[in-house]
Amino acid sequence: MTTLLARNATVLVTMDGTRREIAGGGLFARDGIIEQVGPGESLPATADEVIDLSGHVVLPGLVNAHHHLDQVLTRALPVAQDINLFRWLTAHYRLWAARTPEASRTATLVGLAELALSGCTTCFDHAYMFRNGCRVDDQIGAAREIGMRFMVSRGSMSLGQSKGGLPPDECVEDEDDILKDSERVIGAYHDAAPGAMLQIALAPCSPFSVTPGLMRDSAALARAKGVRLHTHLAETIDEERFTLERFGKRPVAYMEALGWLGDDVWFAHGVHVNDHEIGCFAATGAGVCHCPSSNMRLASGIAPVMKYRRAGVKVGLGVDGSASNDGNNLLGEARQAMLLARLQIALRPPEGPDTTLSTADPSRDHEWMSARQALELATLGGAAVLGRSDIGALEPGRCADFFALRLDDVAFAGGLADPVAAALFCTPGRAAFTVVHGRPVVAHGEIVTIDLPAVVAEHNRHAARLAALAE
């Protein structure tokens, strides 16, 4: 058994039931599981590995609840910089289908490294296109290399253009093959035990790229095998038009008809929903992953996150694909969520009978997202939508997943009156330490589990090949 002692933090944020913030705090973990959290004098004096976090703020590891790591290969493509979702997807589908297993490996490593440098310790990847020899195994192997806690989907697309879907026919798969491989991946990799480093979800891509039959069959298989379900939903008005014209239902009602509302389901985006649909999510336990940067980049809209929270809907955060963001900074995403929620106050009328209230009126204070609420979305919120009670907070029995920020960094200069809030209000910087299951992935601001410069160099060669195909 191995032990870890992290001590002397200027402040340690627990996100536990009472939201304790401990001055001079630290934690002691054994085999990746926290045994003690508290002030330094309450902890053991020694451990196999000791990290002195004097001058740092320490937070629970961030949880990225929606991503497409392979898209790191196609960041900032000129042909897709200034268009909305459907046109953006059309510009990318064939490029993603042309990637190789080697390219998928480096994209996963680069994306996870960038996430780890932002304090992320757990990532869900919505992989859904498997052509040219690529399999979900490629991402799994890469996540094991770098040492990140990983949840990945055996996603799918089966509705090609000839059948009324958005993706080209050569980019979709046969549904029997999808279900057969889904069962293989679950059997080979899914770990349901507390502290699991790897879990599988089933994730048909979207209402406009998958048939109703595959949605139902995927749900049946997932529930038979005890894994979670995920898809994109209510991201754009174009999607809403598609489901209304094709199925006669708005996206949420379409999901309900397919048996896709439940506490084992979470949806990416959830931008275009009404109060009734928010109530449906709350009543059934379905969760939502908010992806603010992607929604802004593609002009998709602003998800009603504070309404979700007041209704009791589980909400996490995702950086989304690195071709619609185009980065992998989850701490930055939490900041973006906080700022976007504040912008939304000015863009929508007040709740209640008085529609003349301004943003300055104290009766609207409940609409403001605080820095700590944003951090909660990125930690406990992400854990909840992924169905994990063993991550998202620093308390005994949970995984030793945490990150630390140096308070002497230039970004914090003048902001130390409240270093926890400063982690969001100030420009998010690089994590000094990111620890996953008691093992440092980032130490002193650098990735320590892989040779990152060599990976980046190889990755750029793969990305250049795909970029040439787009010209």
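The values are calculated or read from the model by the stated rules, or taken from the named source; none is laboratory data. Just so you know, these numbers come straight off a predicted model, no measurement behind them. Every residue, glycine among them, receives a Cβ derived from its backbone with ideal geometry; neighbour counts consider all protein chains shown.
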Single residue of the range 154-185 satisfying the filter (of a type in the set (Asp, Glu) and buried (at least 16 other Cβ atoms within 10 Å of the Cβ)) that is farthest from residue 239 (Cα to Cα): 181
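Among 106, 90, which is the only one that is part of a helix (DSSP H, G or I) and under 19 Å from residue 136 (Cβ atoms)?
Details: 90 fails: under 19 Å from residue 136 (Cβ atoms).
Answer to the selection: 106.
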Restricting the range 85-134 to residues that are under 16 Å from the mean Cα position of the chain (by Cα) and among the acidic types (Asp, Glu), which is nearest to residue 62 (Cα to Cα)? 114
Given the condition out of contact with any strand residue (DSSP E or B) (no Cβ under 9 Å at 6 or more places or on another chain), of a type in the set (A, V, I, L, M) and more than 21 Å from residue 85 (Cα to Cα), answer yes or no: does some residue in the range 313-327 qualify? no
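This table checks each residue for (1) crowded, with 24+ Cβ neighbours inside 10 Å; (2) modelled with pLDDT under 95.
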residue: 82; (1), (2): no, no
residue: 89; (1), (2): no, no
residue: 106; (1), (2): yes, no
residue: 116; (1), (2): yes, no
residue: 120; (1), (2): yes, no
residue: 123; (1), (2): yes, no
residue: 132; (1), (2): no, yes
residue: 152; (1), (2): yes, no
Every pair of residues 6+ apart whose Cβ atoms lie under 6 Å, when the first sits in the range 449-460 and is touching a residue at least 12 places away in the same chain (Cβ under 8 Å) while the second is part of a helix (DSSP H, G or I) and surrounded by fewer than 18 Cβ atoms within 10 Å (Cβ to Cβ): 450/145
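Conditions (1) farther than 29 Å from residue 287 by Cβ; (2) over 20 Å from the mean Cα position of the chain (by Cα), marked per residue:
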position	(1), (2)
368	no, yes
371	no, no
382	no, no
385	no, no
395	no, yes
402	no, no
407	yes, yes
437	no, no
443	yes, yes
Of the residues 256, 245, 239, 235, which single one is farther than 25 Å from residue 380 by Cβ, crowded, with 24+ Cβ neighbours inside 10 Å and either of a type in the set (D, E, K, R) or not assigned by TED's automatic domain parsing to the domain that holds residue 81 (or both)? 239
Give the range 398-433 a look and list any residue that's closer than 16 Å to residue 14 by Cα and in contact with a Pro (Cβ under 7 Å, 6 or more places away or on another chain), or say none. 401, 402
Condition broken by residue 206, with the remaining ones in (1) under 20 Å from the mean Cα position of the chain (by Cα); (2) more than 19 Å from residue 172 (Cα to Cα) satisfied: (2)
